[in-house]
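Enquirer: Quick one: the structure is below, and I'll ask about it shortly.
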Amino acid sequence: MALTRDFELLNKYGMHVRPAGALAKLCQKYRSDITVEKEAHAVSGKSVLGLMTLEAPCGTILKVTADGPDEEDALDAIGDLVENRFGILDE
Amino acid sequence: MPDGVPVSRPLGSGAGELREKVTVERFLAQGREPLQLRLVAGGLGLDRVVPEAALNRPGLALAGFFRYFAPHRLQIIGKHEHAYLGHIGKEERIGKLRRLFSRHVPAIIVCRGLAMYDGMSELADRTKTPLLSTGIETHYFINAATLLMEDLVGLHEVVHGTMIEVFGQGVLLVGEAGIGKSETALGLIKRGHALVSDDTTMLRRDSSGRIMAASVEPIADFMEIRGIGIIHVPSVFGIAAIRGEKQLDLVMDLERPADAEPYIDRTGETTWYRDILGLRVPEVVVPVAPGRDMVNMVETAVCEYKLRAKGYHAARALDERVLARNAQILKLHKVEI
């Protein structure tokens, strides 16, 4: 059973190299398949380059779906990361 | 799995397949530079949908013959139509144009920078029909615009995979994150093959029924290599290491040995396929294990694919040889008896 949650990008510059790197690194820790979607464009959460094709500025709502044994933990952790502006202090 | 039977399975969920409606606005946005298009009038109709990719020259319609007229296509006014409109008197011209503009066509495009006749802009605004202009000559424009339209109306899908050209064949490397798609591609680049896209690939079904693969902006020409980070391929390996759009010929699925097991056919007799955008693409499932030279595996699989495409099937050829020898042994045996 896959889980889906929406997350709003809060950091100033939205999705770019550093957030994509942080998100992909986090997703890679989980065994679940993780998909990140903006409108109809869906990419793997474990892919740095894929995340950058989303072209998602600040304020974009991303639909994240996790499917696997640790899907709930994965979504919780992704929520924390997005809320903490990917840990980027100056954003 | 029965031997020798082609088996098909989908690539991804298929949920990402898109067939977007093409509005005149989108056609204009995509064609503004390559097709030198600009909007003259009728901007209120930019949300009109262009249902067909083909273009229409409304010469006969202008002359008054509307049977079999193609109102769902972009209407092209070239030198011929323009000269006809100039040839007839002003009042007749307005009447003819009014009949064309009132047909609710997606848009009317005047080619080779020909001048607009009086009243055209007003008709465009009144009927909310976008009136566009291009400086390109009509036949070049029709070719280029048809290709653009087919591109816009065709099925698209963005998939997680790395596309590379190997010995002239387009190969899509798929498999879970971290399995080694990019590292394999890196090795192939070093061997002289060319990268189309790393990690995220846009697939498009074109008008001739092929699947074309290309990179997705803004990550074209970049790769991510674990432990190194992001690299710019043409800067590191030279411009010959990359190429643009490439036809998809073969899917190679890199799998952990346990996951690959159901697909492993030790002789290669079974042909696997992936369903992509409604088409079947041959697939090879390769178990990834420490010490396996993936670059060599991909090159060999491509060569084997090329041989098969030419009609030579190694497993079947060997099978025939073994059967022939068996038959021979049986014959000798009978003679001895």
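The values are calculated or read from the model by the stated rules, or taken from the named source; none is laboratory data. The model shown is predicted, which means the values in this text are computed figures rather than measured ones. So basically every Cβ, Gly included, is an ideal-geometry build from the backbone, and we count neighbours across all protein chains shown. Heads up: the accessible areas ignore ligands, DNA and RNA and are worked out on the full protein's heavy atoms, side chains in. Shrake-Rupley method; radii C 1.70, N 1.55, O 1.52, S 1.80 Å.
Enquirer: List the equivalent ellipsoid semi-axes of chain B in whole Å, largest first, each obtained as the square root of 5λ for an eigenvalue λ of the Cα gyration tensor. Before the final figure, lay out each step's value.
Expert: Values: eigenvalues 588, 125, 53 Å².
They are 54, 25, 16 Å, listed from largest to smallest.
Enquirer: Which of the trypsin sites (Lys or Arg not before Pro) across the range B:42-90 are loop residues per DSSP, with 13 or fewer other Cβ within 10 Å?
Expert: In loop regions of the range B:42-90 (DSSP not H, G, I, E or B), the sparsely surrounded trypsin sites (Lys or Arg not before Pro) are B:67.
Enquirer: On average, how many beta carbons from a partner chain sit within 10 Å of the beta carbon of a residue in B:218-226?
Expert: 3
Enquirer: Mind jotting down the distance between the C-alpha centroids of the range B:33-79 and the range B:117-169, whole Å?
Expert: 12 Å
Enquirer: Quick check: at a probe of 1.4 Å, how many percent of the accessible area of chain B sits on carbon and sulfur atoms? It would help to have the intermediate numbers written out before the result.
Expert: Values: 9240 of 17520 Å².
Of all accessible area on chain B, carbon and sulfur atoms account for 53 percent.
Enquirer: Would you give the gap between the C-alpha center of the range B:215-261 and the C-alpha center of the range A:6-20, rounded to a whole Å?
Expert: Spelled out, the Cα-based centre of one part sits 24 Å from the other.
Enquirer: Tally the DSSP beta bridges in the range B:156-311 and give the antiparallel ones as a percent, rounded to 5.
Expert: Of all bridge pairs located within the range B:156-311, approximately 75 percent are antiparallel.
Enquirer: Under the rule a/c < 1.5 gives rounded, and otherwise a/b versus b/c splits prolate from oblate, where does the protein assembly as shown land using the Cα gyration tensor?
Expert: Taking the square roots of the gyration eigenvalues as a ≥ b ≥ c, the protein assembly as shown is oblate.
Enquirer: Name the trypsin sites (Lys or Arg not before Pro) in the range B:180-230 that are in a loop by DSSP and that have at most 16 other C-beta atoms within 10 Å, would you?
Expert: For trypsin sites (Lys or Arg not before Pro) across the range B:180-230 that sit outside H, G, I, E and B with at most 16 neighbouring Cβ atoms in 10 Å, the list reads B:191, B:210, B:226.
Enquirer: Let me ask another. How do A:1, B:252 stack up against each other in accessible area, from largest to smallest, with a 1.4 angstrom probe?
Expert: A:1, B:252
Enquirer: Contact order normalised by length for the range B:21-152, with contacts defined as Cα pairs under 8 Å and 6 or more residues apart; what percent is it?
Expert: Across the range B:21-152, relative contact order equals 35 percent.
Enquirer: For residue B:246, which aspartates and glutamates qualify as cross-link partners when the Cα separation must be under 12 Å and same-chain residues fewer than eight apart are set aside?
Expert: Those aspartates and glutamates meeting the cut-off are B:165, B:206.
Enquirer: Might you report the magnitude of the Cβ-based charge dipole of the range B:17-128 about its Cα centre, with Lys and Arg at +1 and Asp and Glu at -1, to the nearest 20 debye?
Expert: Values: 19 positive and 12 negative charges, 51 e Å.
For the range B:17-128, the charge dipole is close to 240 debye.
Enquirer: Starting from the Cα gyration tensor of the range B:212-255, take the square roots of the eigenvalues, sort them a ≥ b ≥ c, and report rounded, prolate or oblate (rounded when a/c is under 1.5, otherwise prolate if a/b is larger than b/c, else oblate).
Expert: Oblate, because a/c is 1.5 or more while a/b does not exceed b/c.
Enquirer: Among A:13, A:34, A:84, pick out the residue whose Cα is farthest towards the positive end of the charge dipole of the range A:5-91, where Lys and Arg carry +1 and Asp and Glu carry -1 on C-beta, about the Cα centre.
Expert: Towards the positive end, the residue furthest out is A:13.
Enquirer: Let me ask something else. Skip the ligands, DNA and RNA, and give the accessible area per residue of chain A with a 1.4 Å probe, whole Å². Spell out each step's value before the answer.
Expert: Details: 4580 Å² over 91 residues.
Normalised by residue count, the accessible surface of chain A is 50 Å².
Enquirer: Another question about this same structure. To the nearest 10 degrees, how steep is helix A:17-28 against the longest Cα principal axis of chain A, on a 0 to 90 scale?
Expert: On a 0 to 90 degree scale, this one is about 10.
Enquirer: Count the lysine pairs in chain A that are 8 or more places apart or on different chains: how many have C-alpha atoms under 16 angstrom apart? Display every interim value, and only then the final one.
Expert: Numbers: A:25/A:46; A:29/A:46; A:38/A:46; A:38/A:63; A:46/A:63.
Close lysine pairs under the 16 Å cut-off: 5.
Enquirer: Rank these by accessible area, largest first, 1.4 Å probe: B:68, B:117.
Expert: Descending order: B:68, B:117.
Enquirer: Work out the charge dipole of the range B:21-152 with +1 on the Cβ of Lys and Arg and -1 on the Cβ of Asp and Glu about the Cα centre, then indicate which of B:136, B:95, B:51 is farthest towards its positive end.
Expert: Comparing the listed Cα positions along the dipole, B:95 ranks first.
Enquirer: Oh, and also: Might you tell me the accessible area per residue for chain B, computed with a 1.4 Å probe and given in Å²?
Expert: 52 Å²
Enquirer: Note down the relative contact order for chain B as a percent, whole number, built from C-alpha pairs under 8 angstrom at least six residues apart.
Expert: Dividing the mean separation by the residue count of chain B yields 17 percent.
Enquirer: Sequence neighbours fewer than 8 away in the same chain don't count; with that in mind, list the lysines whose C-alpha is under 25 Å from residue B:128.
Expert: B:21, B:79, B:90, B:96
Enquirer: Another one. Provide Rg over Rh for the range B:21-152; use the alpha carbon set for both Rg and the Kirkwood Rh (inverse mean inverse pair distance).
Expert: 0.92
Enquirer: Another one. Among DSSP beta bridges whose residues both lie in the range B:21-152, state the antiparallel percentage, nearest 5. Working shown, then result.
Expert: Numbers: 5 of 13 bridges.
Of those bridges, close to 40 percent are antiparallel.
Enquirer: Rounded to the nearest 5, what % of the DSSP beta bridges within chain B are antiparallel ones? Present the calculation step by step, with values, prior to reporting the outcome.
Expert: Details: 35 of 57 bridges.
Expressed as a percentage, antiparallel bridges in chain B total about 60.
Enquirer: A further question follows. To the nearest 100 Å², how much accessible surface do chains B and A hide from each other in total, with a 1.4 Å probe?
Expert: Using a 1.4 Å probe, the pair buries roughly 1200 Å².
Enquirer: Next question. Please give the average number of partner chain Cβ atoms lying within 10 Å of the Cβ of each residue in A:33-43, rounded to a whole number. Numbers along the way, then the final one.
Expert: Details: counts 4, 1, 5, 0, 2, 0, 1, 8, 5, 8, 7.
Across A:33-43, the average partner-chain Cβ count within 10 Å equals 4.
Enquirer: I'd like the orientation of helix A:71-83 relative to chain A: the angle between its Cα long axis and the longest Cα principal axis, in ° from 0 to 90, rounded to 10.
Expert: That works out to roughly 10 degrees.
Enquirer: If R₀ is 56 angstrom, what is the calculated FRET efficiency for the pair residue B:122 and residue B:317, using the beta carbon separation as r and rounding to 0.05?
Expert: Result of the calculation: an efficiency of 0.15.
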